[in-house]
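The values are calculated or read from the model by the stated rules, or taken from the named source; none is laboratory data. Source: prediction; values computed, not measured. Methodologically, a virtual Cβ is constructed for each residue, glycine included, from the backbone with ideal geometry; neighbour enumeration extends over all protein chains shown. Ligands, DNA and RNA are excluded from the accessible area calculation, which covers all protein heavy atoms including side chains. Shrake-Rupley method; radii C 1.70, N 1.55, O 1.52, S 1.80 Å.
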Amino acid sequence: GLYLMTVVVWNYSVEPIAVPGFVDPATAANFGWSEVGAAVLDARKQHPQAFLAATKYDYAAQLSFALHSVDVTAINPLRSQYDLWWSPAQHVGQDAIIVADARNPIDLSSPWFKAMSKLTEVPVVLNGKQIWSFDIYLGQGYQLR
């Protein structure tokens with residue numbers, strides 16, 4: 001039990017690891033959110049009217065936490081609490097700054113926009129090694145589906 005708890009705590013708080021019997025390939029996505037938040041704020045300087053979103057509800061929550069802001073939503077086909085908190089009709093025609101990655105690609109959000117363009121990539125580097133990468137996109141012309 002002590003071995004298992006040590007592996008779990010280390011994996012989620014220090015750095016992702018793979019040991020026999022325990023591998024979580026998405027753990028690395030829990031790191032680097034301060035860098036992602038900074039990249040989103042930089043993008044927002046160029047697109048101040050854009051709302052903030054992510055391709056999955058957990059990324060929206062992590063971005064919201066990193067920015068200390070509740071003005072973030074999730075845009076994807078999966079139902080989540082964000083569908084109740086956010087009013088899509090109020091955002092028709094607006095642009096969005098969207099966080100995505102390889103596991104939750106921009107294709108999950110792109111059907112809600114007239115156009116999509118990649119703004120930047122945010123590598124997540126831990127102890128000198130890149131463990132993950134996030135992409136920041138600009139979705140133009142939000143539309144209801």
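Using the Karplus relation 6.51 cos²θ - 1.76 cosθ + 1.60 with θ = phi - 60°, the per-residue 3J(HN,Hα) values for the range 84-92 come to 8, 7, 10, 9, x, 4, 6, 10, 4 Hz, with x marking Gly and Pro. Per residue of the chain, the DSSP helices (runs of n ≥ 4 H) give a summed -39500 (n - 2.57) that works out to -8500 deg cm²/dmol at 222 nm. The Cα atoms of the range 68-145 cover 44, 25, 22 Å along the three principal axes, with the biggest extent listed first.
Put simply, the amide H of D101, placed in the peptide plane, has neighbours under 5 Å in I106, D135, leaving out anything fewer than 5 places away on its chain.
Given an 8 Å cut-off on Cα distances and at least 6 residues of separation, report the relative contact order of the chain as a percent. Let's see the in-between values first.
Working: 228 pairs, mean separation 33.4, N = 145.
Over the chain, the number comes to 23 percent.
Might you tell me the accessible area per residue for the chain, computed with a 1.4 Å probe and given in Å²?
Value for the chain: 57 Å² per residue.
Give the residue from P25, V14, I136 lying farthest towards the positive end of the charge dipole for the chain; charges sit on Cβ (+1 for Lys and Arg, -1 for Asp and Glu) and the dipole is referred to the Cα centre. Of the candidates, I136 comes out farthest on the positive side. Check T120: other-chain or 5+ apart residues with amide H under 5 Å from its amide H, H built from backbone geometry? Here the answer is I136, since their amide H atoms fall under 5 Å of that of T120. Result for the chain in a Gaussian network model with C-alpha springs under 10 Å: among I131, I98, I106, the largest mean-square fluctuation is at I131.
A cut-off of 5 Å between modelled amide H atoms, ignoring neighbours fewer than 5 places along the same chain, links D95 with F51, G141, Y142.
Give the percent of DSSP beta bridges with both residues in the chain that are antiparallel, rounded to the nearest 5.
Counting DSSP beta bridges with both partners in the chain, the antiparallel share is about 75 percent.
Once the C-beta distance of Y3 and S69 is scaled by a Förster radius of 35 Å, the resulting FRET efficiency is 0.35 to the nearest 0.05. With 0.36 nm allotted per residue and the present C-alpha distance subtracted, the E15-R79 stretch has 20.0 nm of extension available.
Expressed as a whole percent, the accessible surface of the chain that belongs to carbon and sulfur atoms is 57, based on a 1.4 Å probe.
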